[in-house]
Amino acid sequence: MAVKVAQEWFAICGGCEVTILDVGEPLLDLLPELEFVHMPVIMDNKIFGQTGEKSKAELPEAEVGIITGGIRNEENRFLAEEMRSKVNFLIAMGSCAAYGGIPALANQFSTEDVYKRVYQGNSTTDPGPTPNEGLPALLDRVYAVDEVVKVDLNLPGCPTTPDMFVAAVMHLLKGTPFALENKSVCDHCPTIREKKAGAGMSLKRPLEPVEGVGEELSKVRCFMEQGFLCQGPATRAGCGDGGTPRCIDAYMPCRGCFGPLSHTANPMVDMMGALSTIGLNPRDIPDRAAQFNRFAGSGRLRPKRSRR
Ligand code: SF4
Ligand code: SF4
Ligand code: SF4
């Protein structure tokens, strides 16, 4: 009998749903094993009933639940709790769900500041009152899903790779545990490391191309040693599905989208150490907390001061 799957999306861009749809041929093997009973991006299953007849939102029962996106408002929180109560195994898919992701950059500001910035302080919009009728209230910050309900598996990445998603689901169907890699992006990077940046070098703008584009990566100098901010040292491996990490393969420095090496790691401290060790000055980066926690701000970024 097919395994029932329910999926919901919260504070997201929709890219993680595209990952599911982007699985390609393995999806043909998977689909007979799975029965999606709720997935807003591809099916019409309304949480208040098909004609809006229910007074309370409800999700269907399922063996597996998948949540994409962090928890930003009261509705997200309610549905996360509702899903947890209806499924046996809950997956937080993508760095938004696992760590807050890009939306959690807003955690540097109070909710009041966010409202003011959007509805009153935006130079391209006429100031107006903050809308509140019929809308779920924002929480005080963006939460990772496992800060609100128990999560059985976090699948990081912005987005998660289709191969990682398939591997995790296959393990689940076979009843075997799926483990994330405990290595860093650097551990899978084939570039040459000399453990020092060029003499007198300072950090370069990311829009400049790295040296050696098009050459075999094993003959190209580490991008960070070339002066580019590459977050490979503080980022969990997995995006290359065992091979060269995705961005490195495209001659782009790692932006850190697979999140920190562990839930308790501090990417800012790790990256400042990595940059200093090779002779680059991390203080050249103006907004270090946001930069190094770009995909993992749920418990790491806090409002510093009132900003408009
Ligand atoms: S993790 Fe990235 S791709 Fe996935 S929903 Fe969030 S922003 Fe989009
Ligand atoms: S810092 Fe970046 S380019 Fe250098 S080894 Fe690590 S992942 Fe590769
Ligand atoms: S190289 Fe870094 S930013 Fe690029 S996909 Fe991998 S983890 Fe994400």
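The values are calculated or read from the model by the stated rules, or taken from the named source; none is laboratory data. The model shown is predicted, which means the values in this text are computed figures rather than measured ones. For neighbour counting, all protein chains shown are included, and Cβ atoms are generated from backbone atoms with ideal geometry for every residue, glycine included. To get the accessible areas, we keep the full protein, side chains included, count just its heavy atoms, and leave off ligands, DNA and RNA. Shrake-Rupley method; radii C 1.70, N 1.55, O 1.52, S 1.80 Å.
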Next item on the list: Take residue 228 and decide whether it is touching a Lys or Arg at 6+ places or on another chain (Cβ under 7 Å), more than 16 Å from ligand 1 (Cβ to nearest atom) and of a type in the set (Phe, Trp, Tyr).
Entry: yes
Check: Does the range 177-197 contain any residue that is closer than 27 Å to residue 281 by Cβ, within 11 Å of ligand 2 (Cβ to nearest atom) and in contact with a strand residue (DSSP E or B) (Cβ under 6 Å, 6 or more places away or on another chain)?
Finding: yes
Next item on the list: Could you tell me which of the residues 141, 117 is closer than 21 Å to residue 294 by Cβ, of a type in the set (Lys, Arg) and under 19 Å from the mean Cα position of the chain (by Cα)?
Entry: 141
Note to self: Cβ-Cβ under 8 Å, sequence separation 6+ or interchain: first residue in the range 264-293 and on the phi > 0 side of the Ramachandran plot, partner open to solvent by 30 Å² or more (accessible area, probe 1.4 Å) and of a type in the set (Lys, Arg). Which pairs?
What the structure shows: 279/196
Check: Being at pLDDT 90 or above, within 26 Å of the chain's Cα centre (by Cα) and within 15 Å of ligand 3 (Cβ to nearest atom), is that true of even one residue in the range 126-138?
Finding: no
Next item on the list: Return yes when residue 190 is in the same structural domain as residue 26 (by TED's automatic domain parsing) and open to solvent by 30 Å² or more (accessible area, probe 1.4 Å) and no when it is not.
Entry: no
Check: Which residue, of 123, 85, is outside any loop (DSSP other than H, G, I, E, B), without any contact (Cβ under 8 Å) to a residue 60 or more places away in the chain, of a type in the set (Gly, Ala, Ser) and open to solvent by 10 Å² or more (accessible area, probe 1.4 Å)?
Finding: 85
Margin query: For the range 1-41, give me each residue that is in contact with a strand residue (DSSP E or B) (Cβ under 8 Å, 6 or more places away or on another chain), part of a loop (DSSP other than H, G, I, E, B) and farther than 17 Å from residue 93 by Cα.
Written below: 2
Next item on the list: For the range 132-144, indicate whether the set of residues that are farther than 22 Å from residue 107 by Cα and in contact with a Cys (Cβ under 6 Å, 6 or more places away or on another chain) is non-empty.
Entry: no
Next item on the list: From the list 272, 268, pick out the single residue that is assigned to a helix (DSSP H, G or I), open to solvent by 10 Å² or more (accessible area, probe 1.4 Å) and either under 17 Å from residue 228 (Cβ atoms) or hydroxyl-bearing (Ser, Thr, Tyr) (or both).
Entry: 272
Notebook entry, point to check: From the list 217, 261, 172, which residue is closer than 23 Å to residue 296 by Cβ and surrounded by 14 or more Cβ atoms within 10 Å (Cβ to Cβ)?
Noted result: 261
Next item on the list: Run residue 236 past the list (1) buried (at least 20 other Cβ atoms within 10 Å of the Cβ); (2) more than 16 Å from ligand 1 (Cβ to nearest atom) and report the number of the one that doesn't hold.
Entry: (2)
Next item on the list: May I ask you to list the residues in the range 104-120 that are open to solvent by less than 40 Å² (accessible area, probe 1.4 Å), modelled with pLDDT of 95 or more and within 20 Å of residue 145 (Cβ to Cβ)?
Entry: 104, 106, 107
Checklist line | Meets criteria (assigned to a helix (DSSP H, G or I), farther than 30 Å from residue 267 by Cα, open to solvent by less than 80 Å² (accessible area, probe 1.4 Å) and of a type in the set (A, V, I, L, M)) for residue 59 | finding: no
Next item on the list: Would you mind finding the one in 215, 225, 208, 181 that is within 13 Å of ligand 3 (Cβ to nearest atom) and part of a loop (DSSP other than H, G, I, E, B)?
Entry: 181
